[in-house]
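These notes are about the structure you will find just below.
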Amino acid sequence: MKTPSPRLVPLLVAALLAAGCSSLNPFASSGPKPAELVDFKPAAQLVATWRASIGEAEHYRFQPAVWSDSVYAAGNEGEVARFEDGRALWRIDTGSELSAGVGTDGRLAVVVAADGSVIALDAANGSERWRAPIGAEVLAPPAVSLELVVVRASDNRLIALNARDGSRRWVYQRNNPPLALRSFAGVVLEGPVVLAGFPGGKLAVINAANGGAITELNVAVPRGATELERVADVAGMPVVGRREVCAVAYQGRAACFDTSNGNAIWSRDFSSSVGMDRDARFALVTDDRDAVHALDASTGASVWKQDALARRQVSKPLIVGDHVIVGDLEGYVHALSRETGAFAARERAGSDPIVADPVPLRRGFVVQGAGGDITAYEIR
């Protein structure tokens, strides 16, 4: 039986532990230690262009959102802020403990309170536009468009609200397997459709106008004799290209599909709990052993593998120009060569884990640590 990575917290882990599966304890301290950082000759430089701070994440995961030159960020204690070049254009206290954020379309900045309320703020000045109770825990940043705000509940329901006033538009729900990972992955709101990965290896394509299912794509097929072995949840957000959509599943596969007909372009056996990124040449995946893989974007063939960050709880990869960016549990930011996977640069953003995905900026990228430190970098 495969033992989940410490970062994975199955929704039924308490029941499994009570049944005697102590090896599944994600908080156990007796496991192997993180790999020591290797020395290398830098081929680039990570330059911090600005730093800021927001409240701690606590046991949640807060994802900064970027729109134009603005970075929107939130923390568990209720603060939300908009930064430009490290300067806070506004900073407000929502008055609620927060569990997820931020989603934005440049007009609204949307977060979710731990009591199940979706809070929409004016992106220009931070004033509250509306607050809508949905009666569900939300762990992932909302998806926001001109018409809709779509949130993903921790029970994997998708709830769409009217972006103007927070009134409920539709709810999408599907049958899920009895055991699933506790997912912090959001959804993609792409024009007339919503794309979301689900337990059981399914990637759903949903009509944004009414919440009706258009189709489901099989990223992975659950396998194994036990419910634990059959966990095959789509990890991270799907990656949408010009003519394809790609996703990866835990204990499953990485796969790309043709958006015109839903046919698989390629698939590879893979296991990831954090997700993937893609450009015209490569698909980048961080696997559940914390190795970063580059696959040929057209065929799925292996190009390179960087496995020197084992057990460092490596983040989802982000392609930035000629480099691949990942963060780790000690707050380090690593830049790998996009062509070879070799280490090119390394800087420490802070002492707290970087558990949220690195987010691209117009020039460079931004990371948010679990302690609330926000750092924008350029690669030189």
How many residues are part of a loop (DSSP other than H, G, I, E, B) and either aliphatic (A, V, I, L, M) or touching a Leu at 6+ places or on another chain (Cβ under 8 Å) (or both) if we restrict to region 127-161?
-> 8
Could you grab me the full set of residues in region 41-62 that are in a loop (DSSP other than H, G, I, E, B) and open to solvent by 60 Å² or more (accessible area, probe 1.4 Å)?
-> 41, 42, 43, 45, 56, 58, 59, 61
Can you name the residue in region 233-249 that is without any contact (Cβ under 8 Å) to a residue 40 or more places away in the chain and open to solvent by less than 10 Å² (accessible area, probe 1.4 Å) and is also farthest from residue 356 (Cα to Cα) among such residues?
-> 246
Among (1) under 22 Å from residue 185 (Cβ atoms); (2) of a type outside the set (Val, Ile, Thr); (3) modelled with pLDDT of 95 or more, where does residue 356 come up short?
-> (3)
Expected single match for more than 19 Å from residue 181 (Cβ to Cβ), within 20 Å of the chain's Cα centre (by Cα) and part of a strand (DSSP E or B) among 214, 206, 265 is 206
Can you name the strands (runs of 3 or more DSSP E) wholly within region 298-346 that have at least 2 residues being among the β-branched types (Val, Ile, Thr), surrounded by fewer than 16 Cβ atoms within 10 Å (Cβ to Cβ) and under 18 Å from the mean Cα position of the chain (by Cα)?
-> none
Sole residue being without any contact (Cβ under 8 Å) to a residue 40 or more places away in the chain and either part of a strand (DSSP E or B) or surrounded by 15 or more Cβ atoms within 10 Å (Cβ to Cβ) (or both), chosen from 220, 196, 225 = 220
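Each row is one residue, and each column tells you yes or no for (1) free of Cβ contacts under 8 Å to residues at least 40 places away in the same chain; (2) under 25 Å from residue 202 (Cα atoms); (3) surrounded by 19 or more Cβ atoms within 10 Å (Cβ to Cβ).
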{"site": "95", "(1), (2), (3)": "yes, no, no"}
{"site": "133", "(1), (2), (3)": "yes, no, no"}
{"site": "142", "(1), (2), (3)": "no, yes, yes"}
{"site": "148", "(1), (2), (3)": "no, yes, yes"}
{"site": "163", "(1), (2), (3)": "no, no, yes"}
{"site": "166", "(1), (2), (3)": "no, no, yes"}
{"site": "178", "(1), (2), (3)": "no, yes, no"}
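The values are calculated or read from the model by the stated rules, or taken from the named source; none is laboratory data. In this text, all values refer to a predicted model and were calculated from it rather than measured experimentally. Virtual Cβ from ideal backbone geometry, glycine too; neighbours counted across all protein chains shown. To get the accessible areas, we keep the full protein, side chains included, count just its heavy atoms, and leave off ligands, DNA and RNA. Shrake-Rupley method; radii C 1.70, N 1.55, O 1.52, S 1.80 Å.
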